[in-house]
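The values are calculated or read from the model by the stated rules, or taken from the named source; none is laboratory data. Keep in mind it's a predicted model, so treat the numbers as computed, not measured. When we count neighbours, we look across all protein chains shown, and the Cβ atoms used for this are built from the backbone with ideal geometry, even at glycine. To get the accessible areas, we keep the full protein, side chains included, count just its heavy atoms, and leave off ligands, DNA and RNA. Shrake-Rupley method; radii C 1.70, N 1.55, O 1.52, S 1.80 Å.
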Amino acid sequence: MHNFYFNHDGNVDDLVSLLLLLQMPEVNLLGVGVTDADGYVEPAASASRKIIDVFGGRQHQVSVAKSNSRAVHQFPKEWRLSAFSFDDFPILNEKKVINTPLMTKPAHLDMIDKILQSPTKVTLVMTGPLTDLARALEMKPEIAAKIECLYWMGGALNGVGNVSEPHADGTMEWNAYWDPEAVQTVWQSSLPIVMVALDSTNQVPLTQQLRWRWASQRQYPALDLIGQGYSLVHSFEANSTYYLWDVLTTLISNYPELVESKPVKTAVLTQGAGAGRTYIDEEQGREVTFVTQVHADAFYDKIDELAKSAPYQPR
Ligand code: AGV
Ligand code: CA
């Protein structure tokens, strides 16, 4: 059994990631933090608590904390709104009450508490901006030694980002762009980092075949919820193809054999039109484990396997 802490930011793949993380037999989830980034924090925290209520099974002790971190560059409102719909799905609302506790402390302090209270090292999975971790490290640098590894969905190393905003040059990934300084703060710490950047998530786009695959198995409640969740996101505009960004990151935190990776030295720009751009810097960069190749078929199989194993016990 390994202790994990999960900080996400409320978009569809973040919530699906929570659903799947709860099903991993080797994972003991210490807590969940929700950042007010790619989903409005109120419905994102509420949906997280309901997912734990309905699909948490043996992990029913998990609590949720809301972040009070603020964006440097906020996500588009249109993307942030999906959390409200997810939170209203009937499958999460059979019971009118929510039992999973909402912590009173903000998420970065909850992260500190949970890491310091853990008797063993904690694996940290983050599928949104790094701000809560950066603030936690600034307050209590000693948590770095208690973190087994950070698995982060963020960045892009090939110069092709997914931000299309005024004054941004398009080389950066959104989670890094939301708070570039936070990336730098985390990069300056000593904790091991596995970086799941766009270079690897580009290998797992959300396709019609995947939607059909989940639809054909909707007799399993968790796969029904996953299909419903992804029905909220579509890619009509340029630069808006949806990928399984966060689900890939979450699954490899416990199943590293699903990908190939290599050590690379990287850095981040914090200012100017390239703010949030991560890049290779062989001389002065900070070493991270960079995911290069995804074994996509095994990855999709693992999603099905975990979702099929999910208990459905509204409480
Ligand atoms: O940049 C990827 C991150 C992931 O953590 N998010 C979505 C995932 O949760 C931002 C994002 C990029 N493009 C998007 C995003 C889109 N088209 N819709 C919603 N979010
Ligand atoms: Ca996310």
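Points to keep in mind about this one:
- Pro129 in a loop (DSSP other than H, G, I, E, B) and crowded, with 24+ Cβ neighbours inside 10 Å: yes
- In the set (1) away from ligand 1 (no atom under 16 Å from the Cβ); (2) within 16 Å of the chain's Cα centre (by Cα), the condition left unmet by Val125 is number (1).
- Checked against the criteria, Glu142 counts as open to solvent by 10 Å² or more (accessible area, probe 1.4 Å), at pLDDT 95 or above and of a type in the set (Asp, Glu).
- In this structure, Gly272 does not satisfy being touching a helix residue (DSSP H, G or I) at 6+ places or on another chain (Cβ under 8 Å), among the small types (Gly, Ala, Ser) and at positive phi.
- Residues located in the range 254-266, provided they are more than 21 Å from the chain's Cα centre (by Cα) and closer than 14 Å to Gly155 by Cα: Val264, Lys265
One line per residue, one yes/no per condition, for (1) over 23 Å from Ala134 (Cα atoms); (2) touching a residue at least 60 places away in the same chain (Cβ under 8 Å):
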site: Tyr5; (1), (2): no, yes
site: Leu19; (1), (2): yes, yes
site: Gly31; (1), (2): no, yes
site: Asp36; (1), (2): no, no
site: Glu42; (1), (2): no, no
site: Glu94; (1), (2): yes, yes
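- Some residue of the range 96-107 being open to solvent by 10 Å² or more (accessible area, probe 1.4 Å), closer than 30 Å to Ser231 by Cβ and within 15 Å of ligand 2 (Cβ to nearest atom): no
- Note on the range 204-223: residues that are touching a residue at least 60 places away in the same chain (Cβ under 8 Å) and either under 17 Å from the mean Cα position of the chain (by Cα) or farther than 25 Å from Ser240 by Cβ (or both) total 5.
- Matching residues in the range 290-313 - criterion: being within 13 Å of Leu244 (Cα to Cα) and either at pLDDT below 95 or among the aliphatic types (A, V, I, L, M) (or both): Val294, Ala296, Ile303
- Of all residues in the range 148-184, exactly one satisfies the criterion of being assigned to a helix (DSSP H, G or I) and surrounded by fewer than 17 Cβ atoms within 10 Å (Cβ to Cβ), namely Glu181.
- Number of positions in the range 26-40 that are open to solvent by 20 Å² or more (accessible area, probe 1.4 Å) and either within 13 Å of ligand 1 (Cβ to nearest atom) or of a type outside the set (S, T, N, Q) (or both): 5
- Selected residue (only one of Ala83, Ala65, Ala37, Ala47 is farther than 22 Å from Pro314 by Cβ, within 14 Å of ligand 2 (Cβ to nearest atom), aliphatic (A, V, I, L, M) and at pLDDT 95 or above): Ala37
- Condition check for Arg213: assigned to a loop (DSSP other than H, G, I, E, B) and at pLDDT 95 or above: no
- For first residues located in the range 148-163 and among the acidic types (Asp, Glu), partners that are more than 9 Å from ligand 1 (Cβ to nearest atom) and lie 6+ apart or on another chain with Cβ distances below 6 Å form the pairs Glu148/Lys121; Glu148/Thr123.
- Filtered residues of the range 55-89 (kept if exposed (fewer than 15 other Cβ atoms within 10 Å of the Cβ) and either of a type in the set (Lys, Arg) or free of Cβ contacts under 8 Å to residues at least 60 places away in the same chain (or both)): Arg58, Gln61, Arg70, Pro76, Lys77, Glu78, Leu81, Asp88
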